[in-house]
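Novice: Dropping a structure here in structure tokens format, bear with me for questions.
Only the coordinates and a few stated rules stand behind these numbers; no lab work does. As the structure is a prediction and not an experimental result, all values here were calculated from the model. Note: ideal-geometry Cβ built from the backbone for every residue, glycine included; neighbour counts use all protein chains shown.
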């Protein structure tokens with residue numbers, strides 16, 4: 001018995017339309033399914049990266065902030081593999097996304113950059 005792969009990552013938002021726009025229009029993820037769950041007063045948006053189901057975006061009316069950003073216990077950030085980190089950093093800045101400076105991983109020599117989604121969730125573009 002073994003784990004085969006990560007199935008998906010769930011992201012919570014308190015502004016569904018803004019987050020939907022960010023993940024689909026700015027990052028370019030494809031919508032697989034969009035469901036409104038009446039009992040929870042919540043949307044669930046299934047998103048694909050390169051045709052593979054990867055992200056579940058949830059809206060919740062009782063959204064809670066992280067306890068200590070970004071050093072709270074649990075998931076620290078989500079990283080995406082890209083060929084051109086500097087190109088992504090410039091693109092995101094031009095879309096008014098809060099982007100840190102491009103850095104080089106001292107262990108691998110690869111470039112990376114951190115940025116934030118509309119909810120303040122730390123994300124990373126990593127060369128690879």
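Novice: Ranked by Cβ crowding within 10 angstrom, fewest neighbours first, how are 105, 83 ordered? Kindly include the intermediate steps, with their values, before the conclusion.
Specialist: Working: 105 12, 83 9.
So the residues, fewest neighbours to most, are 83, 105.
Novice: Sticking with this one: Computed from the coordinates I sent, percent of Cα pairs over 16 Å apart equals one of [x] 57; [y] 63; [z] 66. Tell me the label.
Specialist: The calculated read-out lines up with [z].
Novice: Taking a ≥ b ≥ c as the square roots of the eigenvalues of the Cα gyration tensor of segment 1-61, is the shape rounded (a/c under 1.5), prolate (a/b larger than b/c) or oblate? Don't skip to the end; give the middle numbers.
Specialist: Details: a/c = 2.23, a/b = 1.34, b/c = 1.66.
Verdict is oblate for segment 1-61.
Novice: Moving on. Rounded to the nearest 0.05, what FRET efficiency is calculated for residue 14 and residue 81 with R0 set to 25 Å and r the Cβ-Cβ distance?
Specialist: After rounding to 0.05, the efficiency reads 0.30.
Novice: Can you tell me what share of the DSSP beta bridges in the chain is antiparallel? A percent to the nearest 5 is fine.
Specialist: Numbers: 21 of 31 bridges.
In the chain, approximately 70 percent of DSSP beta bridges are antiparallel ones.
Novice: Taking the Cα atoms only, what angle lies between the long axis of helix 85-94 and the longest principal axis of the chain, rounded to 10 degrees?
Specialist: 50
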